[in-house]
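Worksheet: one structure, shown below.
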Amino acid sequence: MAIKIKSKKVSVDVENEKGEVIGKITFNPEDIGTYNALMEIGDEIYKIDDKYKGVGELKGIPEGELTEKKDFDEVRTTLNKVIDFTSYTVERVEKIAEKIDKVFGEGTSQLILQGGHDIEGLEAFLKGITPYFKDAHDKRVNKYVEDKDEGDVM
């Protein structure tokens, strides 16, 4: 006698901006552990976006010569805030990449990030796979809602 397991995995092509397939991601959208990791990745990206909002409001770095000490101080303050943001982002993206590789398989983060720390690549990744998880989540929820409705006979 054998145990038969139905594979619930889906494979999704990853394309570059020219529409050329550069890889494939395989995952099980019904796995709640993967779903949880996906939510954590999304939360990390939101944290990066929140931090970026503060950087976007900084006074620009002036062009030309800096002649007075206050000019230097303003530039240094702005640069320190940018450095804080970029350091924070690099650290967060590296943690996200580790999680992606752990959940979706070694090398997936390289495929998505192309060796960099591009938040847009992460956002495209989430946008591309989220519908699969949403459908699986809706099926799970509907199953329990339908079971409850069938038992509520009066």
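The values are calculated or read from the model by the stated rules, or taken from the named source; none is laboratory data. Computed from a predicted model, the values in this text were never measured in an experiment. Reconstructed Cβ throughout: ideal geometry from the backbone, glycine too, with neighbour counts over all protein chains shown.
Couple of notes before you dig in:
- Residue selected from segment 108-145 under the condition in contact with a helix residue (DSSP H, G or I) (Cβ under 7 Å, 6 or more places away or on another chain) and part of a loop (DSSP other than H, G, I, E, B), by the criterion farthest from Lys8 (Cα to Cα): His117
- Scanning segment 23-41 for residues that are of a type in the set (Val, Ile, Thr) and more than 17 Å from Asp101 (Cβ to Cβ) yields a single hit, Ile32.
- The conditions of being within 18 Å of Tyr52 (Cα to Cα), assigned to a helix (DSSP H, G or I), at pLDDT 80 or above and β-branched (Val, Ile, Thr) are met by Thr89.
- Filtered residue count, segment 9-36, keeping only those that are in contact (Cβ under 8 Å) with a residue 60 or more places away in the chain and either acidic (Asp, Glu) or touching an Asp or Glu at 6+ places or on another chain (Cβ under 9 Å) (or both): 5
- Members of segment 1-42 found to be in contact with a strand residue (DSSP E or B) (Cβ under 9 Å, 6 or more places away or on another chain), surrounded by 14 or more Cβ atoms within 10 Å (Cβ to Cβ) and in a loop (DSSP other than H, G, I, E, B), listed by number: Asn28, Pro29
- Scope segment 86-128; condition surrounded by 18 or more Cβ atoms within 10 Å (Cβ to Cβ) and among the aromatic types (Phe, Trp, Tyr); matching residues: Phe104, Phe125
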